[in-house]
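The structure appears right after this line, and notes come after that.
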Amino acid sequence: MEEFTHVSVLLHEAVDALNIRPEGVYVDGTLGRAGHSREIARRLTTGRLIAIDRDAAALEAAPERLGALMDKVTLVHGNFTDLSRLLDEAGVDKADGMLFDLGVSSPQLDDETRGFSYLKDAPLDMRMDASAPLTAQNVVNTWSQEELKRILRDYGEERYAAQIAAKIVRRREERPIETTLELAELIRSAMPAAALREKQHPAKRSFQAIRIAVNDELAAIPAMLDQAVERLSPGGRLAVISFHSLEDRPVKAAMQSWARGCTCPPDFPVCVCGNKPKTRVVTRKPILPGEEELEQNPRARSAKLRVAERR
């Protein structure tokens, strides 16, 4: 087998944060290139790892990447929004730890046929699950100008969302927009000269926004978090790696809410809701990549790791 060389973002920090017991049951909810899964499985003896991914290509590649460790791993095809159902089907009631890496995996970005990259020409796709019905081409060519403006502004934090949405709609009236480079050039042409002098590629924010819309990524996070905390054993830990503020905010808010428990207004003299804390926050501030990791993997620059422990 070819030597496994890929190193996942915050690899040791994330796996160390799980406080792995060799006989425990763990979940890697975002298998990807199996870097985190490999490190978790290495630390198990009689334990078990449930490795989930919505991308069939990641699951197909996992046995080669995990090698002899596969006897400790159960591969599951699915979306982590269905976490409870997937765990039920895998025969798992409670887990001793769960890890979710919310970033797009490098193979998806680097495979030019998947349509995630604004640097390589490909059909507009951007689906993490190739069997899903909605593609980037559907979004770009059929969604209203107002909806395109909304996702570019809200999901991409794009300052020129209105201009880009208008340009897309004008172009598609002439002919459908079908490829990544066609869309990237269209976005560039809609932006003022000052924006084009920025270090960041002009299409980066818009491509992020469309990818999030295609895969319904932001709605998936709260659904996953709600299920994950309920399926943790006492003392079990949940570790989540996010890559931009739109992902990090709901993770931070959920962990703070679980740790607080009480939902009564601050001016109430006594608690009347009866809600008890579910977790304690392990990371008061998020864990960030170190300089050595950033030198080796610039894509890790925006990563943040937050950890909560079930009471």
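How large, in percent, is the carbon and sulfur part of the accessible surface of the chain at a probe radius of 1.4 Å?
Carbon with sulfur: 50 percent of the solvent-accessible area.
Which aspartates and glutamates have a Cα less than 16 Å from the Cα of Lys167, not counting those fewer than 8 places away in the same chain?
Straight-line reach from Lys167, under 16 Å: Glu146, Glu147, Glu158, Glu178, Glu182, Glu185.
Nearest 5 is fine: what % of DSSP beta bridges in the chain come out antiparallel, could you say?
Roughly 40 percent of the beta bridges in the chain run antiparallel, per DSSP.
Using the alpha carbons of the chain, what is the convex hull volume per residue in cubic angstrom, as a whole number?
156
Of the listed peptides 245-253, 285-293, 264-272, what is their order by residue-averaged count of other C-beta atoms within 10 Å, with the highest listed first?
Going by the mean number of other Cβ atoms within 10 Å, highest first, we get 245-253, 285-293, 264-272.
Which distance in Å, rounded to a whole number, links the C-alpha centroids of region 22-58 and region 69-138?
Going from one Cα centre to the other spans 13 Å.
Quick one: how many Å² of Ser117 are accessible to a 1.4 Å probe, rounded to 10?
20
Which GluC sites (Glu not before Pro) from region 1-107 combine a DSSP loop assignment with at most 13 other Cβ atoms within 10 Å?
Glu2, Glu3, Glu23
Whose amide H sits under 5 Å from the amide H of Thr74, counting only residues 5 or more places off or on another chain, with H placed in the peptide plane?
Answer set, sorted by chain and number: Leu49, Ile50, Ala51.
If you average the C-alpha positions of region 164-185 and of region 290-308 separately, how far apart do those two centres end up, in angstrom?
34
Suppose every Lys and Arg Cβ carries +1 and every Asp and Glu Cβ carries -1, with no other charges. What dipole size does the chain come out with about its Cα centre, to the nearest 20 debye?
1140
Which entries of Lys204/Lys285; Lys120/Lys304; Lys149/Lys285; Lys94/Lys120; Lys72/Lys120 have Cα-Cα distances beyond 31 Å here?
Over 31 Å Cα-Cα: Lys149/Lys285; Lys94/Lys120; Lys72/Lys120.
Using the heavy atoms of the protein chains and a 1.4 angstrom probe, tell me the accessible area per residue for the chain in square angstrom.
48
The values are calculated or read from the model by the stated rules, or taken from the named source; none is laboratory data. All figures in this text were calculated on a predicted structure; none of them were measured in a lab. Quick reminder, even Gly has a Cβ in these numbers, built from the backbone with ideal geometry, and neighbours come from all protein chains shown. Keep in mind that these areas ignore ligands, DNA and RNA; they rest on the heavy atoms of the full protein, side chains included. Shrake-Rupley method; radii C 1.70, N 1.55, O 1.52, S 1.80 Å.
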